[in-house]
1. Taking a threshold of 22 Å on the Cα-Cα distance, which of the pairs Lys55/Lys87; Lys110/Lys171; Lys55/Lys199; Lys55/Lys114; Lys79/Lys129 fall above it?
2. Suppose each label sits 7 Å from its Cα in the direction of the beta carbon; what would the Asp85-Leu234 distance come out to in nanometres?
3. Given a Förster distance of 25 angstrom, what is the FRET efficiency for Val209 paired with Val270, based on the Cβ-Cβ distance and rounded to 0.05?
4. Rank by packing, highest mean first: peptides 343-355, 283-295, 252-264, with packing defined as the count of other Cβ atoms within 10 Å averaged across residues.
5. State the extension gain, in nm to one decimal, for the chain segment bounded by Asn137 and Ser341, taking 0.36 nm per residue of separation less the distance between their alpha-carbons.
6. So for each of 200-209, 73-82 I average, over its residues, the number of other beta carbons within 10 Å; can you give me the resulting order with the highest mean first?
7. For Gly220, enumerate residues with amide H under 5 Å from its amide H, sequence gap 5+ or separate chain, H modeled in the peptide plane.
8. Students often get this wrong: which residues of segment 104-137 have the backbone nitrogen under 19 Å from the point 7 angstrom along Cα-to-C-beta of Gln67?
Amino acid sequence: ETDTASESSYSLGRIKKSPSSLTNLSGSSGMASLSSVSGSLMSIYSADFGNVDVKGNIQFAIDYVEQLNELHIFICQCKDLAVADVKRQRSDPYVKTYLLPEKYKLGKRKTSVKKKTFNPVYNEILRYKIEKSLLKNQSLNISVWHNDTFGRNSFLGEVELDLGTWDWNDKSNKQINWLPLKPRTSTVALELQNRGEVKLALRYVPHPVGGTRKKTLSTGEVHIWVKECHDLPLLRGNRLNSFIKCTILPDTSRKSRQKTRTVAKTTNPVFNHTMVYDGFRPEDLKEACVELTVWDHNKLANHFLGGLRIGLGTGKSYGTTVDWMDSTADETGLWEKMINSPNTWVEDTLPLRML
């Protein structure tokens, strides 16, 4: 299956020179037999907006800490939340924050989950590293969710603050306040739901078994286990035949590209496909980026649905400024977790975005 024009144009403008250490050796194999890694909280994309009548209040405070260049959101507690699980008469709530409109540039922040309560107490601080001047163009979205381990998380309400008009010098604005939770506005819901998400796991193997001793000691492997996608957008009619391509940037050569099979006629495809890339020295993990792109397969042209770039998001690779080293906070968090947990699968469900 050759790359179509729409895919080829997508790769232009990248650094073509590949560091010699990054060579793609191994093929890919299915890993259906592997046990599932601990599940992550679903993102705002795979969520239930309409089944719960929003009620209750949230208590929080915000402050900008000049010395740290950080926005601090102190989430205190919630009161009289709605029942999310009617059958068991319970809610397992947590609180999530975004800075809008660029939701994924700085990523989401989440509190812990409090089980079996409609009046959760958190007393947790969620932090954003951001220049104070940039907050003039931002809104803070604080939403409450029921965590469903085996299904879709349920939306329990939200509040939104316009930071452009916020008076940071007003002491009353630093006090802890109660605000009523409101139903989600349809415009935001549509904006946040339109690209779907990918459930995947990563593993770094510093010393893979096999090969020469000299090679084994110097380089490792990155394993990318693409499990499934949720809620992919329908671009044409009611049919979607999707596949996922993977490239390890900065290497854009054909040998760096691997892809899954095409899964037909579903917006929730299950791939369960693992890609293996070898030749990674520890220092390469700081310079490389895993780019996953999801495509709708068509006989005439493959259409881009969304993607991820999983790396450190430093903006540079091997000393050169590059536009593709632009990972979101969630994408960077997964890559850092992989680096810090060698020989261990680390998993997350990440929202697809435009690249």
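1. Exceeds cut-off: Lys110/Lys171; Lys55/Lys199; Lys79/Lys129.
2. Inter-label distance under the simple model: 3.2 nm.
3. Efficiency at R0 = 25 Å is approximately 0.30.
4. 283-295, 343-355, 252-264
5. Gain in length upon complete extension: 69.7 nm.
6. Ranking the peptides 200-209, 73-82 by packing returns 73-82, 200-209.
7. Result for Gly220 returns Gly279, Phe280, Arg281.
8. Hits in segment 104-137 for Gln67 at 19 Å: 125-132.
A short reminder: the numbers here are calculations on the coordinates, not readings from a lab. All values derive from a computational prediction rather than experimental measurement. Reconstructed Cβ throughout: ideal geometry from the backbone, glycine too, with neighbour counts over all protein chains shown.
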